[in-house]
Amino acid sequence: MISADLQHKCALVTGGASGIGLATAEMLARNGARVAINDLPGSVKLDEEVSRLQAEGLHVYAAPADMSNTADVDRMVAEAVDVLGGLHILVNNAATPGTRNSISAADLERQDDAFWQQLLGVNLVGPFRCIRAAQPYLSRDGGAVVNVASTAAFGGGGSSTTYASCKGGLVTMTRELAKGLGPDIRVNAIAPGWVKMSGWDCSWDEAEAEEAALKLPLQRIGEPQDYAEAIFYLCVAGHYITGQTLIVDGGLMAGG
């Protein structure tokens, strides 16, 4: 596993109470960073994970907020910076599928205006809100942003057309903000494929997924740590990389 000396770095990870977000927050903290971990207000899971990591002596703090609410995001970022003492790394991982079961691309009725607004507010505008609020702090010392997109953005499947469209927008936004915020802030993204233990309340048949994974070049479903490692690299290394989306999918998009 890669490592770095992050003793003087401060990070904010959204959607950090489970799955990729938690693995990322934990990796940053175990390498010395002070980390604010976000999840929805009232999240029992967030309190449990923060308490667990604090008991191990890691410098982590709860930063509850609703990504679909601008005022809540602004408050969260300001409070996180106050607690951490600065901000060098922002990981936009918070997202929602908005459904317990996948919606066919042909099923337009289930993807009504309310569904679109919900997913856009969290999955696309949410990361923009976070970056906008964090920009003044990230600019001070040459910060890094990593957005968590999805292979769904490139036609690699997903829970709905709405979800895939939001993730496609996030890939485009990553490129645009890399141009707009450079050279002070690097903005990149990763596009995960299948994720074990994502923490989402969304049904899927794990046995079928494991069987399907055997067709991948790496023949397994990705663990949260696999994706966290890619995020970690883009946060703390890769200093000449910006505006890029790294596909991390075990070879899913390679076909075969």
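No lab work stands behind these numbers, since they all come straight from the coordinates. Keep in mind the model is a prediction, meaning the values are calculated, not measured.
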Rounded to the nearest 500, what is the 222 nm mean residue ellipticity of the chain from helices alone, with -39500 (n - 2.57) per DSSP H run of 4+ residues and division by all residues? -13000 deg cm²/dmol
Given an 8 Å cut-off on Cα distances and at least 6 residues of separation, report the relative contact order of region 10-249 as a percent. 21
Normalised alpha carbon radius of gyration of region 71-189 [divisor 2.2 N^0.38 Å]: 1.15
Show which lysines lie in cross-link reach of K45 when reach means a straight Cα distance below 29 angstrom and same-chain residues fewer than eight apart are skipped. K9, K167, K196
Pairing the Cα long axis of helix 70-84 with the longest principal axis of the chain, what angle in degrees results, from 0 to 90 and rounded to the nearest 10? 50
Square roots of 5 times each gyration tensor eigenvalue, C-alpha, region 124-256, largest first, Å: 29, 15, 13
For the chain, what is the per residue volume of the convex hull drawn over the alpha-carbon atoms, in cubic angstrom? 125
Kirkwood hydrodynamic radius, region 130-188, all distinct C-alpha pairs: what's the number in Å? 12.1
